[in-house]
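Presented below is the structure to which this report refers.
The values are calculated or read from the model by the stated rules, or taken from the named source; none is laboratory data. Remember, it's a predicted structure, so these values are computed and weren't measured experimentally. We place every Cβ from the backbone using ideal geometry, glycine too, and count neighbours over all the protein chains shown.
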């Protein structure tokens, strides 16, 4: 099933992933150290500070120790799942995040599905018939799609639908599966539209590149039906770069999901993190950052694995 | 005296004709594609509006008319007024200055830091390349907007931190692009010839490799300005970037959010302005990509 070489390749990627997560924790720690004001001030600045709270922070983050001891002890806490304490909200950060991550994850998933459905078929058609008026139309739609920030389309959608037609709920996350889906649909569609526009662009140029390859001529010369040539031979090859890039976009998608969800007034990670930045509640923001990095690394390893399925040359170590 | 002025005219003329030639060349590249032509016109008008904002704006951007708040568009106020009776059109006109400032900050940081890192990594390869690229991989793993949020959380929310944060987060992509083009260019015969002549590494990088990696730098730089405008606007909309009452489009949309039930105009016009500015840079970037990187007629256009 998984050959030794593939396994070796994936282990190498896993090592790189662990390095990235470690480096992100280090980066976050360094930012705390070099920022104006002491780390204690920054960690506490979200709320009203009492002497007792300051003592707790100094103790919890070992602020009396040299910086490398502080860092190692803090890293140990993070690894064991203790993400710190939000003084502004008087609750552990891990609890705050556990209560809210699901909505964000659902929006990310749904928008990724919608983006794929919208962009891959249109990208194949536009790439195959490139230069046609259909291709031009789709390209212009895609440029407009990437140019409208999600908070703008979100606000306009709320204005257009909720207040005037009253069909789409403009805030809240809904209850039950159906309720949740109707609430998630419009935000996910907007976010998916933005990501889909980027994917469309990649898919289109990928198709253009692949269709010019010599083996396409071979396929045609062998008398394969056009449909089979385009879908089975060209599209699969054009899909590989889109897959890689969508792995790189996952972090971007998480953050913009937070923005959309904030605009639509849902109680997911977006509201938590954005309010935390507004209140300068550092522990929450830093924990959110580390979690995003972990999700980024994991999804890229998954993408790498899928990539070895599409293009076996990668795992064997040849030039892709 | 007369000798001096004669010298001045002699040196003046080639410089002037070089500027004209440069402008003609830019115009030829830009007008080769209808996307970049439209984008270029939008960007040029943004710059024009930003420079002549005080002349173009019918009102002071901060002048309040407390008896005329949240007015719909009319002849006096073509885009209406906001919650303190300030003229929205005038504020949008002054807002272009923030958009241009963001573009300048992002492009400067990208070209100064991003291009140098990429050149050094691609030219020296080996350990230097490895170190620089691993460092940038870490930055790439964090989405720009989130990294900017972390920076404003630790360093404080203000316009400079927001613009700097957004400028910094676009460096890695530029470095990667420049590195990959430097890697291939350094194998070219002319680079080896320059090295054979004993030119130092600085001269080879700046005079031989850099000029040949300009097309991808220009394309990426333009597209990144579009994304940076979205990021700063989003940051300001969330109240984490440029703060009201400064007339930045994101901040205006943020302030207008409260009154969305009363009247949509104060939020509609600034958000449209953002979308148009982003569209301008995106179109320009897309068009330049076609012409500079994929165009078969690139050589004809330039030479």
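Going by the structure shown, is residue B:54 in contact with a strand residue (DSSP E or B) (Cβ under 8 Å, 6 or more places away or on another chain) and either more than 28 Å from residue B:224 (Cα to Cα) or modelled with pLDDT of 85 or more (or both)? It would help to see each step written out before you state the result.
Working: in contact with a strand residue (DSSP E or B) (Cβ under 8 Å, 6 or more places away or on another chain): no; either more than 28 Å from residue B:224 (Cα to Cα) or modelled with pLDDT of 85 or more (or both): yes.
When the stated conditions are applied, residue B:54 does not pass them.
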>> Any residue at all in the range B:253-265 that's over 23 Å from residue A:147 (Cα atoms), part of a helix (DSSP H, G or I) and out of contact with any strand residue (DSSP E or B) (no Cβ under 9 Å at 6 or more places or on another chain)?
In response: yes
>> Condition first: more than 9 Å from chain A (Cβ to nearest Cβ) and in contact (Cβ under 8 Å) with a residue 24 or more places away in the chain. Now tell me which residues in the range B:236-255 satisfy that.
In response: B:236, B:241, B:242, B:243, B:245, B:246, B:247, B:248, B:249, B:252, B:255
> Is there a residue being out of contact with any helix residue (DSSP H, G or I) (no Cβ under 7 Å at 6 or more places or on another chain) and within 14 Å of chain A (Cβ to nearest Cβ) anywhere in the range B:119-131?
Replying inline: yes
> Within the group A:286, A:248, A:253, which residue is at the interface with chain B (Cβ under 9 Å from one of its Cβ atoms), in contact with a helix residue (DSSP H, G or I) (Cβ under 6 Å, 6 or more places away or on another chain) and farther than 30 Å from residue A:44 by Cβ?
Replying inline: A:253
> Taking interchain pairs and intrachain pairs at least six residues apart, which have beta carbon atoms under 8 angstrom, with the first residue in the range A:134-150 and more than 9 Å from every other protein chain (Cβ to nearest Cβ) and the second outside any helix (DSSP H, G or I)?
Replying inline: A:135/A:129
> Applying the selection to the range B:176-190, what residues are more than 18 Å from residue A:249 (Cα to Cα), surrounded by 15 or more Cβ atoms within 10 Å (Cβ to Cβ) and modelled with pLDDT of 85 or more?
Replying inline: B:178, B:179, B:180, B:181, B:182, B:183, B:185
>> So the check is Cβ under 6 Å with 6+ separation or different chains; which pairs have a first residue in the range B:147-176 that's more than 8 Å from chain A (Cβ to nearest Cβ) and a second one that's part of a loop (DSSP other than H, G, I, E, B) and surrounded by 21 or more Cβ atoms within 10 Å (Cβ to Cβ)?
In response: B:159/B:242; B:162/B:241
>> Would you confirm, using the coordinates I've provided, whether residue B:260 is modelled with pLDDT of 85 or more and surrounded by fewer than 24 Cβ atoms within 10 Å (Cβ to Cβ)?
In response: no
> Can you tell me which of B:94, B:48 is surrounded by 15 or more Cβ atoms within 10 Å (Cβ to Cβ) and at pLDDT 90 or above?
Replying inline: B:94
> From the list A:162, A:205, which residue is at pLDDT 80 or above, surrounded by fewer than 22 Cβ atoms within 10 Å (Cβ to Cβ), in a helix (DSSP H, G or I) and within 13 Å of chain B (Cβ to nearest Cβ)?
Replying inline: A:205
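Yes or no: residue A:127 away from every other protein chain (no Cβ under 14 Å) and either at pLDDT below 85 or within 21 Å of residue B:33 (Cβ to Cβ) (or both)? Full working, then the answer.
Values: away from every other protein chain (no Cβ under 14 Å): no; either at pLDDT below 85 or within 21 Å of residue B:33 (Cβ to Cβ) (or both): yes.
Criteria not met by residue A:127.
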>> Yes or no: the range B:69-76 includes at least one residue that is crowded, with 18+ Cβ neighbours inside 10 Å and in contact with a helix residue (DSSP H, G or I) (Cβ under 7 Å, 6 or more places away or on another chain).
In response: no
